[in-house]
1. Would you mind finding the one in B:Ala162, B:Ala158 that is of a type in the set (A, V, I, L, M, F, W, C), assigned by TED's automatic domain parsing to the domain that holds B:Pro43 and assigned to a helix (DSSP H, G or I)?
2. I'd like the full set of residues that are aliphatic (A, V, I, L, M) and closer than 26 Å to D:Ala111 by Cβ, limited to the range D:1-26.
3. Look at B:Gly132 and say whether it is free of Cβ contacts under 8 Å to residues at least 40 places away in the same chain and either more than 11 Å from chain D (Cβ to nearest Cβ) or buried (at least 19 other Cβ atoms within 10 Å of the Cβ) (or both).
4. So is D:Leu169 under 30 Å from B:Asn20 (Cβ atoms), in contact (Cβ under 8 Å) with a residue 24 or more places away in the chain and either within 9 Å of chain A (Cβ to nearest Cβ) or buried (at least 23 other Cβ atoms within 10 Å of the Cβ) (or both) or not?
5. Please identify the pairs in which a residue from the range B:81-109 that is over 23 Å from B:Ser157 (Cβ atoms) has its Cβ atom under 6 Å from the Cβ atom of a residue that is assigned to a loop (DSSP other than H, G, I, E, B) and charged (D, E, K, R), counting only partners at least 6 apart or on another chain.
6. When the range D:11-23 is examined, which residues are found to be in contact (Cβ under 8 Å) with a residue 12 or more places away in the chain and either of a type in the set (Gly, Ala, Ser) or within 10 Å of B:Glu91 (Cβ to Cβ) (or both)?
7. Out of (1) surrounded by fewer than 21 Cβ atoms within 10 Å (Cβ to Cβ); (2) more than 27 Å from B:Ala56 (Cβ to Cβ); (3) of a type in the set (Gly, Ala, Ser), what's the single condition that is false for D:Gly66?
8. Out of D:Ser219, D:Ser186, which single residue is over 17 Å from the mean Cα position of the chain (by Cα) and at the interface with chain A (Cβ under 9 Å from one of its Cβ atoms)?
Amino acid sequence: MGRFTTWFHRMGSPRWFFDLSRPWLVGFLAVGVTLLGVGTVWGLGFAPPDYQQGDSYRIIYIHVPSAHLAEALYVAMGVAGIVVLVWRMKLADMFIAVTAPVGMAVTGIALLTGAIWGRPTWGAWWVWDARTTSVLVLFFLYLGIVALRQAIPRADQAGRAAAVLAIVGTVNVPIIKYSVDWWLTLHQPASITFTAAPAMPPSMWVPLLINMVGFYALVAAFLVAGLRNEVLLREADAQWVRDWLERAS
Amino acid sequence: MADPSNEPLLCTRGLACGVNGRTLFEGVELTLSAGDLVEVRGPNGSGKTTLLRCIAGLFTEEAGSVRVRPPERPLYLGHKPGVNPMLSALENIRWYLALEGLSRDADVCRDAVDTVGLGRAGRVPCATLSAGQRRRAALARLVVTEAPLWLLDEPFSALDDAGQDLVRSLIDRHRDAGGAVLCATHEPVGLPDAGRLELPG
Amino acid sequence: MSEFLAMGGHGLYVWLAYGISFAVLAALGLRPIVARRRFLSHARREAHARRDADARRDEQRRGRERREG
Amino acid sequence: MSIAVAQVRRDFLVAFRARADAVHPVAFFALTVVLFGLSMGPDRQAMGELAPGMVWVLALLATMMGTDTLFRRDFEDGTLEQLLLHGRPLFVAVLAKLFAHWCVTGLVLTALSPLAGLMLQVPAEGLPALAGSLALGTPALTLIGAIAAALTVGLGRGGMLAAVIALPLFVPVLIFGAGASLAAASGASPAAEFLWLGALLAAALTLAPFAVGLALRVSQEY
């Protein structure tokens, strides 16, 4: 078989992933923490205030990365869903099981920071702004997957059902984003909307980029840690787990 | 490809099924050829129903393989009757014939409904029938089907003696015509030279 | 330093947003660690139980052999 | 093609025979419209502006109620597993079933919508757009709701779960549907919204049945 396909199939075996993922975990964690630290300090302390919003805009350094990542994680689950249904790969099913709650939490961060940021900007805790609304709908998409997975008694069927829903959801994400954007920006009351990202000077968007990468890396570390636990849980009575336990304890 | 005519109707190799990591049964080697009848016996929860559903393609096996000789699909009579309560036995059997891709002329259906002893009761919505009658409406499939492999899950449940004899006669007729039957039961089918597959508890 | 905390009057919102976000991130970070520790203790307890059971069974077998021998 | 014809005839017969079931969503729709009418207070102009959106949300909820019972009946009596067993392409059977179901619920809601609109003070020129948008929207809602219903059919109390799953997927159809009727009610041309509704319906018609078939096959093994 070609090099890629052997890699792809070996990647599928949870044990192979478990043995190899340890350095990834450490790497992602280190990169994530440092970059997020640097980006946050820079964004809060050194970036110039916005001429219109003053300092409240600094919330974007946490809102934009989390909103961006929330959507990326959902699409990643959609791709993993295809892998589950087509190649029946256990690791992809575990990925969805681990990513769904983490993605929901990240979407929660994006939602809360968006609402809190709306308060000084538009004077209300919740404004039906296009971006915050599509994040809200994304939250319900995650809720659907988490709720469906928990409701199904048989584990591998819960995985396949969640895979189907993740694919259907992923197809709908762009449609939802567009329709919400069309509906809310078309009927937008005459207040400002902060959707123009790079119209900022470098001293403003560089920390944003750093935070974005930092956020991705940190959450990636959480996912790898979660996946390692999921592998141990599902292969608990396999021999290699028992040997690993002896060595670990 | 082996010559299809003498390929066994059903062949399983090392078949294993489980739920959430708990294995129900494993290493099931089963070969059914024309005229065979095998009873699947075992205590409750030993996976009799799961084995039949797995062979029917309604349950994903954990390991091993299931080979049903193409082209026909097996007939599956499960706990659920497979009969729509809003429709009459007659209308249900017409739909089932279309499902198997057979011609749906009226007298084949009438004959099937009468054979299973429903008669006039075969023309009223099944919701108004008794459990036994609804079971007979499900048995009508056994009269019209051309599927060589039958998977029967406790076919005698909710049937009176006459009903049970009807099932035995249908099985006999099917075996003589070169079909095979895999039957999950608690008590013996009461037919000659029946094979036996014991599933451990 | 104090005007840094004031954030031009929007201090409440900025620190509230960052506080919640890092609290959620911390929770996301702790969750796998707690789950792993629970799994390890559970697995270790099970391993001990299995070892005791084996020991007891060997004991009974040796007992039976002495009586029959 | 005979299986398709037999399936369509069977599903129409079942839907017609079980029309008592189909009354529930329609009764729910009519009742909630009346409740809104009562509770909105006397201000005609305000009610007229909000009414199109409300009629649409109520039609969405009524459709969701109907779709959930749709597969449950076939799942419980075992005809669904017979369909899966024979490896028939589910696309045809699912489309036939949903079309029969829509005729008994979605179509009735669409026919009732002008009456509901009048009761809720929707201006006269807004009524055709309300009915038109529902005519395009309710089949799309049925198709999308069917995916959620199919995913939860194997579970005992799937009803609420199906709604939670379907809610976000309904958002685009709801936005363009309500948008069309609101635009027409305020005198603007709802052409853009209708084009979008048509596109969403076309997408749902071609993609949803595959997802429903796959979901039914998966939920068969819960």
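The values are calculated or read from the model by the stated rules, or taken from the named source; none is laboratory data. Note that the structure is a prediction, hence the values are computed from the model and not measured. Note: ideal-geometry Cβ built from the backbone for every residue, glycine included; neighbour counts use all protein chains shown.
1. None of the other options fit; the residue is B:Ala162.
2. Here is the first cut: in the range D:1-26, the residues aliphatic (A, V, I, L, M) are D:1, D:3-6, D:8, D:13-15, D:18, D:20, D:22-23, D:26.
Once the filter is applied, which keeps residues that are aliphatic (A, V, I, L, M) and closer than 26 Å to D:Ala111 by Cβ, the range D:1-26 yields D:Val8, D:Leu13, D:Val14, D:Ala15, D:Ala18, D:Ala20, D:Ala22, D:Val23, D:Val26.
3. Yes; evaluated as a whole, the condition is true for this residue.
4. On the way: under 30 Å from B:Asn20 (Cβ atoms): yes; in contact (Cβ under 8 Å) with a residue 24 or more places away in the chain: yes; either within 9 Å of chain A (Cβ to nearest Cβ) or buried (at least 23 other Cβ atoms within 10 Å of the Cβ) (or both): yes.
So D:Leu169 passes the test.
5. Sorted first by the residue in the range B:81-109, then by its partner, the pairs are B:Arg94/B:Arg104; B:Leu97/B:Arg104; B:Ala98/B:Arg104.
6. Listed by number, the residues that qualify are D:Val14, D:Ala15, D:Ala18, D:Ala22.
7. So D:Gly66 meets the others, but not (1).
8. Values: D:Ser186 fails: at the interface with chain A (Cβ under 9 Å from one of its Cβ atoms).
Criteria check complete, one pass: D:Ser219.
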